Amino acid sequence: MSLDGRLHVGADVAAPAERLTPAARHGETRVSHGSIRDGVGAAEVIAYLRADAASFGDQGDGEGADQQPLPDGLLFRFAALPPTVRVAQGTPPALLDETVRVVQAINAALPRHWQLSFGAEPPPVDAPDIPDGDILVTFAPQGEWPAEAIAPTDEDYGIAVPRYAIQPTGDPALPFAIEIVAGRVWVDPALTAGLERLGVIAHELIHLLGRGHVDPVRFPETLMVGGGSEELSGHILHPLDREALLAVYDRFEAATLPGAIADELGPWADASLHVRGTLAAAGGEIAFGAALRNGLSQPWATGPTPDADLEDNAGLSGSVLWSGRLLGLTPWAETVAGAADLRVALETLSGALELGALERWPADAAPGAAGSGTMWGDGALSYRIEVRGNAFVQTGGDAGTVTGVFFGPSHEGMGGVLVREDLSAGFGGTR
């Protein structure tokens with residue numbers, strides 16, 4: 001996404017270079033490393049989740065919801081497996097793209113075993129039933145929202161309609177367990193636009209992941225307040241939104257009582273380990289790296305926004321090569337670094353990302369000079385990519401997911417993120 005003349009890929013977790021310790025220079029890339037306190041912290045996460053659970057004290061909304069009150073509240077979550085998000089047939093490409101961006105932002109906060117998928121087969125707008133495990137997003141005027149949706153007000157730009165499964169537990173303290181098994185999101189695209197609409201889509205999807213409304217005075221910087229947050233985040237989700245998602249889907253079972261939240265959360269760090277690389281480029285600096293906190297390694301990359309799409313750059317032709325570095329962290333706090341080469345055939349807007357000479361350093365240790373570590377894996381990864389506008393996405397190759405963009409007025413740079421079970425890394429380079 002573009003913010004203040006810069007494109008951003010991945011999570012909103014970049015640490016300012018001045019807060020980290022210079023570690024090495026890998027060619028033209030300046031590498032820094034270190035730990036800083038930049039998290040929300042356990043006390044605030046617990047307070048938020050308790051308030052969230054209390055918001056369901058009078059549960060009764062949504063298809064299949066139990067009509068019995070829950071006087072102490074309940075911490076809700078989606079069922080045991082992550083859902084597939086689908087967008088209704090006939091949705092304009094721009095709205096489809098916005099939904100994809102929101103799903104990517106949510107996935108950046110979720111643990112690796114709980115990533116949302118994006119369905120390739122769109123159901124019709126009037127689909128009568130949503131299968132278990134699916135979330136259907138439909139863009140339509142308020143007047144076309146179905147009777148099953150709660151009657152909207154002038155402030156409702158979107159609405160979420162969950163379907164619940166209710167099972168008896170035999171436990172007198174919690175006689176029944178409730179989890180969300182499917183749902184629909186309705187958004188009126190004529191009532192909102194830009195960053196605000198991205199926030200609306202995210203707000204409703206997060207409702208279907210189990211979060212309710214909280215007090216906007218007590219929790220002003222979260223999407224999950226009634227009517228939407230007045231404080232919009234350029235990265236769609238606020239830090240508290242991201243940490244709550246990670247906590248719920250990494251630490252909790254369905255139907256947790258408020259009094260058990262602190263114990264089930266367990267240790268929750270507010271300090272992150274960072275590795276960061278910076279590279280000079282036309283139009284501004286390219287930066288990339290990763291941060292690790294509470295077991296989740298999150299990669300990122302940022303750089304100056306191009307003036308046009310890559311295919312419209314008349315100054316480039318044939319096959320174009322960008323070269324630079326990759327820097328990332330494993331789930332075990334090892335730093336990984338290596339070469340990153342992206343080659344694109346402009347005629348077909350396809351190419352390959354080659355990651356080579358991959359090496360690692362011990363857990364929590366700062367990376368040294370290139371060549372001073374030990375080989376990571378077999379030392380290389382390779383991905384086929386295709387270009388869409390100023391972005392590129394993986395179409396094949398090794399395990400993992402690659403998402404990237406081009407940087408600089410005339411595409412002088414590139415950068416992106418790689419997400420795997422064993423490595424999360426940012427990368428960047430210049431031509």
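Would you confirm whether or not the stretch 317-327 contains a residue that is under 15 Å from Asn390 (Cα atoms), among the hydroxyl-bearing types (Ser, Thr, Tyr) and touching a Gly at 6+ places or on another chain (Cβ under 8 Å)?
no
Could you look through the stretch 186-195, keep only residues that are within 21 Å of His235 (Cα to Cα) and either buried (at least 24 other Cβ atoms within 10 Å of the Cβ) or of a type in the set (Val, Ile, Thr) (or both), and pick out the one that is modelled with the highest pLDDT?
Ranking the qualifying residues of the stretch 186-195, first place goes to Val187.
Report, by residue number, each residue of the stretch 340-367 that is in contact (Cβ under 8 Å) with a residue 60 or more places away in the chain and surrounded by fewer than 22 Cβ atoms within 10 Å (Cβ to Cβ).
Within the stretch 340-367, Asp341, Asp364, Ala366 qualify.
Looking at the stretch 238-262 only, could you name the residues that are more than 12 Å from Arg50 (Cα to Cα) and in a helix (DSSP H, G or I)?
At the first step, the residues of the stretch 238-262 found to be more than 12 Å from Arg50 (Cα to Cα) are 238-243, 245-247, 249-255.
Result: Pro239, Leu240, Asp241, Arg242, Glu243, Leu245, Leu246, Ala247, Tyr249, Asp250, Arg251.
From (1) under 24 Å from Ile106 (Cβ atoms); (2) among the hydrophobic types (A, V, I, L, M, F, W, C); (3) in contact with a strand residue (DSSP E or B) (Cβ under 8 Å, 6 or more places away or on another chain), pick out the condition that doesn't hold for Ala42.
(3)
Evaluate the following for Ala291: is it assigned by TED's automatic domain parsing to the domain that holds Ser350, within 28 Å of Ala24 (Cα to Cα) and buried (at least 21 other Cβ atoms within 10 Å of the Cβ)?
Details: assigned by TED's automatic domain parsing to the domain that holds Ser350: yes; within 28 Å of Ala24 (Cα to Cα): yes; buried (at least 21 other Cβ atoms within 10 Å of the Cβ): yes.
Spelling it out, Ala291 is indeed assigned by TED's automatic domain parsing to the domain that holds Ser350, within 28 Å of Ala24 (Cα to Cα) and buried (at least 21 other Cβ atoms within 10 Å of the Cβ).
Criterion first (outside the structural domain of Gly194 (by TED's automatic domain parsing), in a loop (DSSP other than H, G, I, E, B), touching a residue at least 60 places away in the same chain (Cβ under 8 Å) and of a type in the set (Gly, Ala, Ser)) does Gly283 satisfy it? Can you show your working first?
Details: outside the structural domain of Gly194 (by TED's automatic domain parsing): yes; in a loop (DSSP other than H, G, I, E, B): yes; touching a residue at least 60 places away in the same chain (Cβ under 8 Å): yes; of a type in the set (Gly, Ala, Ser): yes.
So Gly283 passes the test.
Among the residues of the stretch 110-131, which ones are closer than 23 Å to Pro93 by Cα and loosely packed, with under 12 Cβ neighbours inside 10 Å?
Across the stretch 110-131, the qualifying residues are Ala120, Glu121, Pro124, Asp126.
Kindly establish whether Val214 is assigned to a strand (DSSP E or B), modelled with pLDDT of 90 or more and of a type outside the set (Ser, Thr, Tyr).
Details: assigned to a strand (DSSP E or B): no; modelled with pLDDT of 90 or more: yes; of a type outside the set (Ser, Thr, Tyr): yes.
No.
Can you pull out every residue in the stretch 374-402 that is crowded, with 19+ Cβ neighbours inside 10 Å and among the hydroxyl-bearing types (Ser, Thr, Tyr)?
Start the filter on the stretch 374-402 by keeping residues that are crowded, with 19+ Cβ neighbours inside 10 Å, which leaves 376, 381, 383, 385, 387, 390, 392, 402.
Residue satisfying the conditions is Tyr383 alone.
Does Val214 qualify as being free of Cβ contacts under 8 Å to residues at least 60 places away in the same chain and out of contact with any Leu (no Cβ under 7 Å at 6 or more places or on another chain)? Break it down into steps so the answer makes sense when it comes.
Details: free of Cβ contacts under 8 Å to residues at least 60 places away in the same chain: no; out of contact with any Leu (no Cβ under 7 Å at 6 or more places or on another chain): yes.
So Val214 fails the test.
Can you tell me which of Asp97, Asp129 is more than 20 Å from the chain's Cα centre (by Cα), at pLDDT below 95 and of a type in the set (Asp, Glu)? Don't jump to the end; show me each part of the working.
On the way: Asp97 fails: more than 20 Å from the chain's Cα centre (by Cα).
Sole residue among the options that is more than 20 Å from the chain's Cα centre (by Cα), at pLDDT below 95 and of a type in the set (Asp, Glu): Asp129.
Being assigned to a strand (DSSP E or B), in contact (Cβ under 8 Å) with a residue 24 or more places away in the chain and touching an Asp or Glu at 6+ places or on another chain (Cβ under 6 Å) narrows it down to one of Thr278, Thr302, so name that one.
Only one candidate passes the filter, namely Thr278.
When Asp52 is evaluated against the numbered criteria (1) within 26 Å of Ala254 (Cβ to Cβ); (2) surrounded by fewer than 19 Cβ atoms within 10 Å (Cβ to Cβ); (3) at pLDDT 75 or above, which criterion, by number, is the only one it fails?
Only one criterion in (1) within 26 Å of Ala254 (Cβ to Cβ); (2) surrounded by fewer than 19 Cβ atoms within 10 Å (Cβ to Cβ); (3) at pLDDT 75 or above is unmet by Asp52, namely (2).
If a residue counts only when it is farther than 17 Å from Ile201 by Cα, which strands (runs of 3 or more DSSP E) contained entirely in the stretch 75-185 have at least 3 such residues?
Because the criterion is at least 3 residues that are farther than 17 Å from Ile201 by Cα, the strands (runs of 3 or more DSSP E) in the stretch 75-185 that meet it are 158-171.
Identify, from the list Trp361, Trp300, the residue that is among the aromatic types (Phe, Trp, Tyr) and more than 19 Å from His8 (Cα to Cα). Give the steps one after another, and end with the answer.
Values: Trp300 fails: more than 19 Å from His8 (Cα to Cα).
None of the other options fit; the residue is Trp361.
The values are calculated or read from the model by the stated rules, or taken from the named source; none is laboratory data. Fair warning: this is a prediction, and the values are worked out from it, not measured in the lab. Note: ideal-geometry Cβ built from the backbone for every residue, glycine included; neighbour counts use all protein chains shown.
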